[in-house]
1. Considering Cα pairs under 8 angstrom that are at least six residues apart, work out the relative contact order of the range 152-197 and quote it in whole percent.
2. List the chymotrypsin sites (Phe, Trp or Tyr not before Pro) within the range 109-180 that fall in a DSSP loop (any state other than H, G, I, E or B) and whose Cβ has at most 15 other Cβ atoms within 10 Å.
3. Can you tell me, using C-alpha contacts under 8 Å and at least 6 residues apart, the relative contact order of the chain as a whole percent?
4. Please sort 107-118, 90-101 by packing, taking for each peptide the average over its residues of neighbouring beta carbons within 10 angstrom, highest first.
5. To the nearest Å, what is the center-to-center distance of the range 30-59 and the range 133-153, using C-alpha atoms only?
6. If each of Glu135 and Thr8 carries a label point 7 Å out from its Cα toward its Cβ, how far apart are those two points in nm?
7. Evaluate the distance, in nm, between pseudo-label points positioned 7 Å from the Cα of Arg195 and of Asn158 along their respective Cα→Cβ axes.
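All of the numbers you see were taken from the coordinates with simple rules; none came from a lab. All values reported here derive from a predicted model rather than from experimental measurement. We place every Cβ from the backbone using ideal geometry, glycine too, and count neighbours over all the protein chains shown.
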Amino acid sequence: MVASATKTARSVGAYQVPVWEFNDLDVSAARDPNNRLYLFATVDGVPTRHNVWAHAADARTFFPKQDVPAALAPVQGTVAAKIEIVYPHDGAPVSQARLANVGALLFSPGTLLAAPLAWSPTVRLYRSLNNGLAEEVAVGSKWPIVTPALTYPSWQFNNVDVSAANDLANKYYFTLAVDGQTTNSNVWSHGADARTNFPQMDQPSGCCVLPR
């Protein structure tokens, strides 16, 4: 988390619409063209569907070498859920890929200590298209990865539809959530140009009553 919002309001037609603003965010890391920032908002106490905003000169995910866990350790309360790879079927380019498989690992936050093999939480994959809201697209299947030094669990999501990105104006953003845990997820972008392009803000059509 990088900020808590301040509630303000703006006029939209006949309505006064509440707006939550996050001011003075540090985006200096994106001055390095090798870096990219992905921003999304959550709401305390209620389930939240969010979009993803990419801020970078080149917002495509570049992660050629997957993480290698150092050891196994119990996860308590908060989990770091990392998408490690998105591989289109048959190695097809973005402009041609219709389906992709996604691989993920779970860690104790701030470490490379992977979740224990005996732990089998429900891990969900969410996908946003362009500036749209995240939608659940798959539940992961646990799969052990065996190395000479360590055997550790991964979660695999197979046959995920990525066909909208065949149109090079579109981009997908993938995130994860783990049932029963506070989840710190990375963001994986899939598109020929993954920068957010949303020049016209949403215009509310009315007001509704939200839970206090």
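1. Working: 44 pairs, mean separation 16.3, N = 46.
That works out to 36 percent.
2. Counting only loop positions with at most 15 other Cβ atoms within 10 Å, the chymotrypsin sites (Phe, Trp or Tyr not before Pro) in the range 109-180 are Trp119.
3. On the way: 445 pairs, mean separation 45.1, N = 212.
The value is 21 percent.
4. Values: 107-118: 16.3, 90-101: 14.4.
So the order, starting with the most tightly packed, is 107-118, 90-101.
5. Cα centres, the range 30-59 to the range 133-153: 23 Å.
6. 3.3 nm
7. Taking the two extended label points, one gets 3.8 nm.
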